[in-house]
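What follows is a single structure, written as structure tokens, with notes after it.
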Amino acid sequence: MKVLEVLEALSAVAGKYFAVWVILISVIAFIFPEPFLGLGGFITILLGVVMFGMGLTLKAVDFKIIITKPLPVIIGVCAQFIIMPSVAFLLAKLMNLPAELAAGLVLLGCVPGGTASNVMVYLAKGNVPLSIAMTSVSTLLAPIMTPLLLLLLAGQWMPVDFFDMFKSIVQVILLPIVLGLAIKRFFPVAVEKSLTVLPLISVAAIITIVSAVVSGNAASIAASGFLIFTAVMLHNGFGLLFGYLAAKVLGLDEVNRRAISIEVGMQNSGLGVALATAHFGPLAALPSVLAAAWHNISGPILATYWSKKHAGDSIEEPRVHPVETKL
């Protein structure tokens, strides 16, 4: 078997069982933290690698729906940046979370949608082009929306430097995506051959990030892990529910409701980890670490449920990113 075929096979397994790898590495890093303590300095670079992979996969067709049918995209993106930050803020208040954990939960709510949602929407018989457009638009808006929302909602717990966080998101998200787009533009053949290996690289990057944060916060996890995991589960659940209800109230059909529900409920937890570690402290990254695992459990459960129920219109095959099962 050729090396590329081996890597493709490993990549398929890595993507399919991503939630298992996240849980497994979390347990190992929690019990044996010492080997992973030196990885914290690579978090930003690793997330940049993942976003570079997203840039390699983006196509002009991903943005076509914004021009042809802009209303569902506008509704979905507004719901993303209203529902998730608001729910996170209220949960942090009601559950009386410690300052760093509260700020970390709000940060999780303020980051853009994660690309795992694209596959989940397809499996749920939702509107895949809408899902991809929402992921792309919310990611491009993140340098402004994420620090602005954090300044408004999380400033009471931790100091928020808008411009410093803006710069971080541009460096970690936008520049790698632009670089990926440029590489794809000038070397399309080479990029096309490498796409099947991207899930393996993405999974390796994310589980390394998770291991670094868990190992550095083993004591804190032991003290408050159940509390914050409950908060993450509630945050995700309310996001899925309110995203669906918002689309329903505003008159969208079932396929669009499913897409917006999953897009709103699933966050870019990798970005949350990177920003929390850099700007708030390692403990604030814990909500995003737990979300990396939980979102990839709740998403497939909901998608499987919806897959058995008729959604109305037929859904086209997804043109999804190879990094989607990760964030």
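The values are calculated or read from the model by the stated rules, or taken from the named source; none is laboratory data. Keep in mind that what you see is a predicted model, and the values were worked out from it rather than measured. A quick note on method: Cβ atoms are made from the backbone with ideal geometry, for glycine too, and the neighbour counts reach across all protein chains shown. Ligands, DNA and RNA are excluded from the accessible area calculation, which covers all protein heavy atoms including side chains. Shrake-Rupley method; radii C 1.70, N 1.55, O 1.52, S 1.80 Å.
Residues in segment 100-141 that are open to solvent by 10 Å² or more (accessible area, probe 1.4 Å) and in contact with an Asp or Glu (Cβ under 9 Å, 6 or more places away or on another chain): 6 in all.
Step by step: first the residues of segment 52-72, then only those that are touching a Leu at 6+ places or on another chain (Cβ under 8 Å) and within 19 Å of residue 175 (Cβ to Cβ), then the one that is most open to solvent (accessible area, probe 1.4 Å). Which residue is that? Of everything passing the filter in segment 52-72, 52 is most open to solvent (accessible area, probe 1.4 Å). You will find that of 204, 212, 247, the residue that is under 22 Å from residue 26 (Cα atoms) and out of contact with any Leu (no Cβ under 8 Å at 6 or more places or on another chain) is 204 and no other.
Only one residue in 52, 81 is more than 25 Å from residue 188 (Cβ to Cβ), aromatic (Phe, Trp, Tyr) and either in contact with a Ser or Thr (Cβ under 6 Å, 6 or more places away or on another chain) or part of a helix (DSSP H, G or I) (or both), so which one is that?
Working: 52 fails: more than 25 Å from residue 188 (Cβ to Cβ).
Sole residue among the options that is more than 25 Å from residue 188 (Cβ to Cβ), aromatic (Phe, Trp, Tyr) and either in contact with a Ser or Thr (Cβ under 6 Å, 6 or more places away or on another chain) or part of a helix (DSSP H, G or I) (or both): 81.
Screening 137, 170 for residues that are out of contact with any Pro (no Cβ under 8 Å at 6 or more places or on another chain) and at pLDDT 85 or above leaves exactly one candidate, 137. Of all residues in segment 221-246, those satisfying the criterion of being open to solvent by 70 Å² or more (accessible area, probe 1.4 Å) and either modelled with pLDDT under 85 or not in a helix (DSSP H, G or I) (or both) are 222, 223, 226.
Here's a check for you: in segment 151-203, which residue that is outside any loop (DSSP other than H, G, I, E, B) and small (Gly, Ala, Ser) is surrounded by the most Cβ atoms within 10 Å (Cβ to Cβ)? Reasoning before the result, please.
At the first step, the residues of segment 151-203 found to be outside any loop (DSSP other than H, G, I, E, B) are 151-153, 162-186, 188-203.
Within this subset, residues satisfying the condition of being small (Gly, Ala, Ser) are 168, 180, 182, 190, 194, 202.
Numbers: 168: 20, 180: 19, 182: 12, 190: 10, 194: 17, 202: 30.
It comes out as 202.
Per the conditions (1) modelled with pLDDT of 85 or more; (2) buried (at least 22 other Cβ atoms within 10 Å of the Cβ), the sole criterion not satisfied by residue 144 is (2). Return yes or no: is residue 206 open to solvent by less than 50 Å² (accessible area, probe 1.4 Å), of a type in the set (A, V, I, L, M), touching a residue at least 12 places away in the same chain (Cβ under 8 Å) and in contact with a Lys or Arg (Cβ under 7 Å, 6 or more places away or on another chain)? Yes: the conditions hold for residue 206.
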